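Structure first, commentary second.
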Amino acid sequence: MGRWEPNASGRLLQAAIELFSEAGYEATTAAQIAERAGLTKTTLFRHFTDKREILFQGQEPLVALAVEGVESAGPGSTPFQALRAGVLALCAGHAGQQRETCRQLDAILSSSAELRERAVFKRSAITQALHQALAARLGDARQAAVLADLGVRAYYDGFASWIAAGDDRCLTDAVSGELDAYQAMLVSVTWPPPDAPTSGRTAERSGTGSRRDGARSPDGGVSPPQ
């Protein structure tokens with residue numbers, strides 16, 4: 001029976017980051033990573049199928065967090081509020097003290113076409129998880145798909161600004177700001193401003209493109225009548 005290795009995954013991740021940063025992804029072998037981590041090559045392959053997957057070990061937990069976040073939204077939540085709950089739950093997977101590690105990971109991923117391709121798959125998996133969770137909640141797969149795409153874009157944009165910033169804000173604040181910006185954008189491109197031209201008012205009275213009492217706003221809530 002093999003001996004238990006405490007936090008083997010974390011040690012392998014740290015070793016992989018160090019070696020990929022020093023020698024490059026392609027030039028580093030799985031055996032070298034295991035040796036740097038103080039583990040055997042057998043232990044490495046017991047945890048991961050290859051050296052690439054060491055860097056993506058957080059994918060499954062992130063997918064689970066996204067689904068749990070959507071499901072945790074209150075029964076009266078609008079579709080956008082349910083999306084926000086799912087996206088902000090993703091942020092729980094990144095503690096503030098991990099920012100420097102995330103910066104290193106980002107640089108490594110950018111240096112390798114193979115890793116960039118794998119990162120696209122990870123993003124797709126998170127998007128699909130959000131889509132399915134939102135579709136199950138809303139009963140509208142098309143709306144869920146649009147919301148999931150928007151939410152994942154906000155998450156990645158917020159993540160990018162977080163690792164680039166030198167301030168002390170947390171990832172949740174950065175991502176929440178992106179969600180706020182996207183929600184405001186949806187409102188601005190959907191509803192005409194109060195001082196819209198007369199032609200717009202005429203269209204409302206005629207029923208084309210109208211915004212009637214009880215119309216749904218972009219966040220899924222009921223908009224105030226004009």
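The values are calculated or read from the model by the stated rules, or taken from the named source; none is laboratory data. Not measured: the values here are computed from a predicted model. Cβ placement follows ideal geometry from the backbone for every residue including glycine, while neighbour counts extend to all protein chains displayed.
Just a few scattered comments:
- Between E100, E26, the distinction of being of a type in the set (D, E), more than 30 Å from L186 (Cβ to Cβ) and at pLDDT below 95 belongs to E100 only.
- Residues located in the range 151-169, provided they are of a type in the set (A, V, I, L, M, F, W, C) and loosely packed, with under 15 Cβ neighbours inside 10 Å: A160, A164, A165
- Residues that are touching a residue at least 60 places away in the same chain (Cβ under 8 Å) and part of a helix (DSSP H, G or I) were ranked within the range 15-52; the one that is nearest to I126 (Cα to Cα) is R52.
- When restricted to residues that are more than 15 Å from the chain's Cα centre (by Cα) and either among the small types (G, A, S) or within 14 Å of L115 (Cβ to Cβ) (or both), the range 58-86 contains 5.
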